[in-house]
Structure formats: C-alpha cells, structure tokens
1. Could you please let me know if ARG59 is under 17 Å from the mean Cα position of the chain (by Cα), among the basic types (Lys, Arg) and under 19 Å from ASP17 (Cβ atoms)?
2. Check GLU33, GLU26, GLU52 and return the single one that is over 23 Å from GLY109 (Cα atoms), among the acidic types (Asp, Glu) and not assigned by TED's automatic domain parsing to the domain that holds MET107.
3. For ASP17, state whether it is within 14 Å of the ligand (Cβ to nearest atom), at pLDDT below 95, within 12 Å of GLY109 (Cβ to Cβ) and surrounded by fewer than 19 Cβ atoms within 10 Å (Cβ to Cβ).
4. Taking segment 74-104 on its own, how many of its residues are of a type in the set (A, V, I, L, M) and assigned to a strand (DSSP E or B)?
5. Using the structure shown, decide if GLU68 is away from the ligand (no atom under 14 Å from the Cβ), acidic (Asp, Glu) and closer than 28 Å to THR106 by Cβ.
6. Which condition does LEU91 not pass, out of (1) out of contact with any Leu (no Cβ under 7 Å at 6 or more places or on another chain); (2) at pLDDT 95 or above; (3) assigned by TED's automatic domain parsing to the domain that holds PHE108, if it passes all the others?
7. Which condition number does ASN71 fail, the rest of (1) modelled with pLDDT under 95; (2) polar (S, T, N, Q); (3) not in a loop (DSSP other than H, G, I, E, B) being met?
8. Looking at segment 20-65, which of the residues that are among the β-branched types (Val, Ile, Thr), surrounded by 15 or more Cβ atoms within 10 Å (Cβ to Cβ) and without any contact (Cβ under 8 Å) to a residue 24 or more places away in the chain is nearest to the ligand (Cβ to nearest atom)?
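The values are calculated or read from the model by the stated rules, or taken from the named source; none is laboratory data. It should be emphasised that the depicted structure is a prediction, and the values quoted were computed from it without experimental measurement. Every residue, glycine as well, gets a Cβ built from its backbone with ideal geometry; the counts of neighbours run over all protein chains shown.
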Amino acid sequence: MKAGKANTSPEITVFFDSSRCIHAAECVRGLPEVFDVTARPWIRADHASAQELMEVISRCPSGALQFENANGVPEIPATPTTFRLLQDGQLEVRGDLSFTNAGGETMFGTRAIL
Ligand code: SF4
C-alpha cells in the first residue's frame with residue numbers, strides 16, 4: 001500500500017501516510033522549512049533540495065514519510081535489515097520489508113515501528 005502523495009518538486013515526490021506517523025518529529029527538526037505543521041500544505045517539497053529531502057525523510061522511523069525520485073525510483077532499503085529497541089519498548093525496523101495483516105493484505109516498505 002502506497003502512502004498518499006503529499007507534495008512534489010521537479011526532482012522528488014514525497015508521500016505521507018498519517019496512520020503510520022508516531023510524531024517522532026525527525027522531519028520537523030530536520031527540515032523545518034519543509035515540514036511545518038502550522039502551514040497548509042504542511043509539507044512543501046520545493047523548500048529544500050532533493051538530497052536534503054531524501055536524507056531527512058530517511059530518518060522518519062515509522063515509514064510515514066516516503067519518497068520517489070524524478071524517475072519513480074523509491075528509497076533503497078537498508079541492508080542488512082536492522083532492528084532497534086526504543087526506550088518505550090517499540091521496535092524500529094529498517095530493511096526490505098513486507099507486512100501481512102490479519103486480513104491478508106500485504107504492504108511493502110523500508111522503515112516501520114512495531
Ligand atoms: S519523522 Fe515520520 S513519524 Fe516522525 S513526525 Fe515526521 S512523519 Fe511522523
């Protein structure tokens with residue numbers, strides 16, 4: 001399942017899935033001129049370079065933020081897959097991931113919080 005397209009610039013398309021956001025604020029700390037929750041739209045991809053956007057979006061632990069470059073190529077998954085236990089007991093996972101829910105729906109991604 002692909003997150004909704006949130007914003008785009010000529011070099012990059014940013015996707016955001018609010019249902020996956022855990023409000024870790026990596027985005028607003030990393031690029032406040034792009035990710036501004038007081039603005040509408042709250043993501044303004046044309047306020048930073050594609051390289052800056054890719055770097056900050058990759059920090060989003062939940063995968064709520066994703067991107068594709070101008071050729072439609074998404075983020076390259078981390079290898080090897082990593083698991084990091086957070087202080088609140090949640091597990092941050094990074095890698096070439098697929099998730100299947102109880103209803104049999106499979107989703108793919110590169111970052112997730114479990
Ligand atoms: S970095 Fe990701 S999880 Fe954190 S607030 Fe931004 S979108 Fe949500």
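1. Yes; evaluated as a whole, the condition is true for this residue.
2. Selected residue: GLU33, the only one of GLU33, GLU26, GLU52 that is over 23 Å from GLY109 (Cα atoms), among the acidic types (Asp, Glu) and not assigned by TED's automatic domain parsing to the domain that holds MET107.
3. yes
4. Total meeting the criteria: 4.
5. yes
6. (1)
7. Only one criterion is unmet by ASN71, namely (3).
8. Top of the filtered list is VAL28.
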